[in-house]
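> Submitted below is the structure of interest, expressed as structure tokens.
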Amino acid sequence: MKSQSCHGCVPIPDNAFVADRAPRKLKTKGAEQIYSEQKETLEAVLGKISEARGIRAFLLRGPEKVKDEWKLVCLTHNIFKLWRHLWWANRRSVPVFG
């Protein structure tokens, strides 16, 4: 059995299902801060990708193809961010790098 520093939780076995572990893991010390930081960073990017770009579902099937499609979505998202940064810098005639 694995012991967790949890507020009022009973330790759960290592072989417990993820669905059993997740609620207890969120109650551990420091988990609230980590989760709130994740909401600010990760969920903002996912929201921008799904809302602004209209990507709501994967077109390909299978884990490997989905991974490759997600990498392509992230790549185009980052290229767009870089283009937008360069475009605004050129409009304001501010040096971008340097």
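The values are calculated or read from the model by the stated rules, or taken from the named source; none is laboratory data. Note that this is a predicted model, so its numbers are computed, not measured. No Cβ is skipped: glycine too gets one built from the backbone with ideal geometry, and neighbour counts run over all protein chains shown.
> Pull up segment 45-86, narrow it to residues that are of a type outside the set (A, V, I, L, M) and not in a helix (DSSP H, G or I), then point me to the one that is surrounded by the most Cβ atoms within 10 Å (Cβ to Cβ).
The extreme case among them is 58.
> Is there any pair linking a residue in segment 50-64 that is touching a residue at least 60 places away in the same chain (Cβ under 8 Å) to one that is among the acidic types (Asp, Glu), with Cβ under 8 Å and at least six apart or on different chains, and which?
From residues that are touching a residue at least 60 places away in the same chain (Cβ under 8 Å), there are no pairs.
> Starting from segment 3-21, keep only residues that are assigned by TED's automatic domain parsing to the domain that holds residue 31, then list their pairs with residues that are modelled with pLDDT of 60 or more and part of a helix (DSSP H, G or I) whose Cβ atoms are within a distance under 8 Å, requiring at least 6 positions of separation or different chains.
Pairs that qualify, where the first residue is assigned by TED's automatic domain parsing to the domain that holds residue 31 and the partner is modelled with pLDDT of 60 or more and part of a helix (DSSP H, G or I), are 4/24; 4/25; 6/24; 9/24; 12/20; 12/21; 12/24.
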